[in-house]
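Trainee: Okay, handing you the structure first.
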């Protein structure tokens with residue numbers, strides 16, 4: 001269970017593990033709207049661009065030390081008025097779902113956002129992904145809207161559930 005997992009800030013040494021988890025979702029699911037898997041250099045650059053309040057946290061399985069999940073906080077929008085709002089992302093390796101890892105990752109991201117002085121955390125989730133929506137509800141997020149047919153992947157239109165937590 002989640003008590004067999006430790007959380008720590010990601011380093012560029014975690015790029016390959018994060019890339020493997022993420023690219024699996026790119027090619028097999030609608031949890032991301034990316035259509036092209038990341039390269040190793042893309043992943044290293046993505047990690048290098050995140051520090052301080054825009055952190056990436058990894059879940060490390062014990063005792064083997066493998067990265068089995070990650071979460072990140074990113075700027076929500078570019079315009080200055082949005083600077084107190086962030087967006088979260090949480091991904092857990094497919095072999096480790098239903099262990100509570102997403103919950104501990106998202107909980108840490110909420111704490112990180114609060115500690116960073118942010119006011120709101122947003123989540124944009126493909127609307128049919130009930131597990132992700134329930135995870136966010138458990139962590140205090142509320143559904144604030146549905147964006148209809150804003151994405152297209154696997155030859156179908158996708159809606160996005162927008163969820164929010166005020167800090």
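Trainee: Only residues of segment 16-51 count here: report those whose backbone N is under 19 Å from the spot 7 Å along Cα→Cβ of residue 94, or say none.
Mentor: Within reach of a label on residue 94, which here means backbone N under 19 Å from a point 7 Å along Cα→Cβ, segment 16-51 contributes 16-39.
Trainee: Find how many whole Å separate the alpha carbon centroid of segment 105-155 from the alpha carbon centroid of segment 1-42.
Mentor: Spelled out, the Cα-based centre of one part sits 17 Å from the other.
Trainee: Taking the Cβ-Cβ separation of residue 166 and residue 82 as r and a Förster radius of 22 Å, what is the calculated FRET efficiency to the nearest 0.05?
Mentor: After rounding to 0.05, the efficiency reads 0.95.
Trainee: Pairs of alpha-carbon atoms within less than 8 angstrom and 6+ residues apart define the contacts here; what relative contact order does segment 2-121 have, in percent?
Mentor: 26
Trainee: In addition: Suppose the chain between residue 152 and residue 16 were pulled fully straight at 0.36 nm per residue; how much longer would it get relative to their current alpha carbon spacing?
Mentor: Extra length available between residue 152 and residue 16 comes to 46.2 nm.
Trainee: Would you kindly state how much longer the chain becomes between residue 64 and residue 138 on full extension, computed as 0.36 nm times their sequence separation minus their alpha carbon distance, in nm to one decimal?
Mentor: Taking residue 64 through residue 138 to full extension adds about 23.8 nm, to one decimal.
Trainee: What does the extension gain come out to for residue 41 and residue 53, with contour length at 0.36 nm per residue minus their alpha carbon separation?
Mentor: Contour length minus Cα-Cα distance gives 2.1 nm.
Trainee: What is the packing order of peptides 61-68, 13-20, 118-125, taking the mean over residues of other C-beta atoms within 10 Å and listing the highest first?
Mentor: Final packing ranking: 118-125, 13-20, 61-68.
Trainee: Show me the ranking of peptides 159-165, 32-38 by mean Cβ neighbours inside 10 Å, starting with the highest.
Mentor: 159-165, 32-38
Trainee: If you don't mind, there's one more thing I want to ask. What number in nm² do you get for the chain if you take the convex hull of its Cα atoms and divide its surface by four?
Mentor: Computed as one quarter of the Cα hull surface, the answer is 9.5 nm².
Trainee: Further, regarding this structure: Considering only DSSP beta bridges with both partners in the chain, what is the antiparallel share in %, to the nearest 5?
Mentor: If we restrict to bridges inside the chain, about 90 percent are antiparallel.
Read the figures in this text as sums done on the coordinates, not as results from a lab. Predicted, not measured: the structure shown is a model, and the values here were computed from it. Neighbour counts are summed over all protein chains in view; Cβ atoms, including those assigned to glycine, are modelled from backbone coordinates with ideal geometry.
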